[in-house]
Amino acid sequence: MGSKWKKAKVALGLNLCMFVPKTLDDSDSSPSHTEVSERLSNAALLPAAENMDMGSSTPTAPVPSLKLSRSVSSSKSSKQTCAICLTKMKQGSGQAIFTAECSHSFHFHCIASNVKHGNQICPVCRAKWKEIPFSGPSLDPIQGRMSPSPINWPQNDALMALVHPLPLPLPHPPRRDLSRRHIVPLYQEPGIFNDDESLNHETVVSERSPCNKSTEDNDSVRELEIKTYPEVSAAPGSNSYSNFTVLVHLKAATASTTAAEAGSQNVSRNQPSLTQISQTPRAPVDLVTVLDISGSMAGTKLALLKRAMGFVIQNLGSNDRLSVIAFSSTARRLFPLSRMTDSGRQQALLAVNSLVANGGTNIAEGLRKGAKIMEDRKEKNPVASIILLSDGQDNYTVNGPGTNQPQPNYQLLLPTSLGGRDNLGFQIPVHAFGFGTDHDALSMHSISEMSGGTFSFIETEAVLQDAFAQCIGGLLSVVVQELQVEIECIHPNLSLSSLKAGSYPSRVRADGRKGFIDVGDLYADEERDFLVSVDVPATSSNETSLLKVKCVYKDPLTQETMTLESEEVKIERPEQAGQVVMSLEVDRQRNRLQAAEAMAQARLAAEQGDLSGAGLILENCRKMLAETISAKSHDRLCVALDAELKEMQERMASRHVYEASGRAYILSGLSSHSWQRATARGDSTDSSSLVRAYQTPSMTQMLTRSQAMLLGSPSGQRLLQPLLSFRSQPSPR
């Protein structure tokens, strides 16, 4: 039994398209896309778990629900099931069967598809074949088998040696003599990625009246709410005030269809039902994932990446489109931007599961192709985003031979179309995920900052799926786009002194009368807080009108431009000073900004080698927060900030700890606070974590779905329980 299990581990550890149905009956029915995805997810975890030190010298037993020991060790079972398409092989069923010289058998049309794309090795034992099958054109469709997508799926370029071809069933049975064998030339990627699948133009539109251009007179259709809070409600008229603070608070509406609800409309019935599904449409998404498959991703990391991508694919709706870029030394598009219909999902799952880790890390090339997909697409969904995942350092563009730069120039990693700080309009954000302790946190953070995305630190490999879930939970719930906030002074002697907007581009006109903040997209229930400082003159009147706020944004469903204005912000100006009551809302946002500033200062000190000084900066900030009215009121944000600052102190205990996790943790925290958007770091995706700032209900629901999926099966419980306490160890590159 030991040797048989070893063979199974070796086969699965090579990331092959070898997965076994849950039952070994004689049914000829093809598996559904959800069944395939569950098999891919479960099987992908097995080699990962076996490659880790679980604290036990005894090998993990096969998962009973997968029938793994029987399918791998039994020659009869292996000959009954095609390792590529997962269906039965029966003599006389009208389908040709190819038996290779290594004795492994496959459906002829399945293995011919592999060979067509340049593969000449056995998908099971990796033996090099001398005699190669070739399938020519034929006439009759195979009964009971899935037809391929009408999209042309190019599969070949310089990276073909690193990635298994997509094991698609051919539309016709082979009619050519098996003795006639030929190697088909590799198909090259198109020069222009304008082969994106057409959008579904029959999508139900919003019931909102198309003539309603303003939300001022109709509260029921508002996607946005504006509130303003002066730091005090009354100030003596005899005094003038510099840097008087007004808080501008924005909150997006609750989505009619949350991200989890929208995704669940096309997910397996075995998925946990979290909420009542609404039929109200949401804004569909064009998503490109740029995935690192370099040599350091082999084993556990790649297996869990496949599982996480399976979750993403299953939770995208039929109007969402996905394309995947895999990069190592070069980059390759696995398939065009395609709608995630039933067939689209199945194709995407098989493509992702074919990935094999090898080579170096060329992040710039991966992002270049990802950006090109977005640039060349014929049609555009309302929402667009790129997800980048890497576990290493770019050794071609920034740190590679011939760069000859004293300091890394991370701008070289990002195509100009994505690094749009100097570009007009709103750019496509890159949400970067640093995987493990060996990734270059500075480069990933820089990429996300320059593009308007967020940076997440995936320290523990088991939380990769949760990190992706939180991200798409937001992307699938966009309710406001291209939001611009305008702040205008009302009193003729009033002027703006500053706008504190974090990473959002802001500007104040030369005369100080108007200021602007470019916010961009808002997810459902997301909030944004901006502190506006004004210089207030003395006055003899009983009241001073300070400013008003106007928001201009686009409705992602109707593509209409909407305008929303706030009421005037006023303060009383009594002759005598009374009791001054500080606004709790203003105080808590000041605390957030001061904590973020302390984090940035501590990181700079740590980079210069002064870890003790960095820790002192964080400690002083914690003491300052403890004396604020927010802390004394047990404000949740203040409690979370203190917990996060304490965690950062612990991650600066030594140079080794800081290099391994401290830098990435702090940069992810800075990304979260500067954009006021949730990022994954430490235990932030855990429901019991204090560090869960900016997490929306849509993100929470998607996280709940992810965790229920992982722990809902016996194999998930058994395999993930040890993973939850597992920390990645630095791997040699």
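The values are calculated or read from the model by the stated rules, or taken from the named source; none is laboratory data. Note that the structure is a prediction, hence the values are computed from the model and not measured. Glycine gets a Cβ as well: all are built from the backbone with ideal geometry, and neighbour counts include every protein chain shown. Side chains are part of the model used for accessible areas, which takes the heavy atoms of the whole protein and leaves out ligands, DNA and RNA. Shrake-Rupley method; radii C 1.70, N 1.55, O 1.52, S 1.80 Å.
If we count every other residue with Cβ under 9 angstrom of residue 635's Cβ, Lys/Arg +1 and Asp/Glu -1, where does the sum land?
Local charge sum for residue 635: +2.
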Quickly work out the residue 227-to-residue 243 label distance, labels modelled 7 Å from Cα along the C-beta direction, and quote it in nm with one decimal. 2.6 nm
Stretchable slack from residue 601 to residue 379, in nm (0.36 nm times residue separation minus alpha-carbon distance): 75.5 nm
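Can you give the net charge of the other residues whose Cβ lies under 11 Å from the Cβ of residue 690, counting K and R as +1 and D and E as -1?
Numbers: positive: 636, 646, 692; negative: 642, 644, 647, 683, 686.
Result for the neighbourhood of residue 690: -2.
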Using 1/(1 + (r/R0)^6) with R0 = 41 angstrom and r between the beta carbons of residue 411 and residue 253, what's the FRET efficiency to the nearest 0.05? 0.70
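What FRET efficiency do you get for residue 579 and residue 497 if R0 is 35 Å and r is their Cβ-Cβ distance, rounded to the nearest 0.05? Kindly include the intermediate steps, with their values, before the conclusion.
Working: r = 26 Å, r/R0 = 0.75.
That gives a FRET efficiency of 0.85.
Cα-Cα over 26 Å: which of 251/554; 514/623; 90/301?
Working: 251/554 15 Å; 514/623 36 Å; 90/301 36 Å.
514/623; 90/301, as the Cα separations exceed 26 Å there.
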Checking the a/c ratio against 1.5 first, then a/b against b/c, what shape does the Cα gyration tensor give for the range 492-632? oblate
Two-decimal Rg/Rh of the range 412-549 from alpha-carbon positions, Kirkwood Rh? 1.10
Could you sort 705, 513 by their accessible area in this structure, using a 1.4 Å probe and putting the largest first? 513, 705
How much length is gained if the chain between residue 688 and residue 643 is pulled fully straight, taking 0.36 nm per residue apart and subtracting their Cα-Cα distance, in nm to one decimal? 14.9 nm
Please report the net charge: other residues with Cβ closer than 11 Å to the Cβ of residue 646, K and R +1, D and E -1. -3
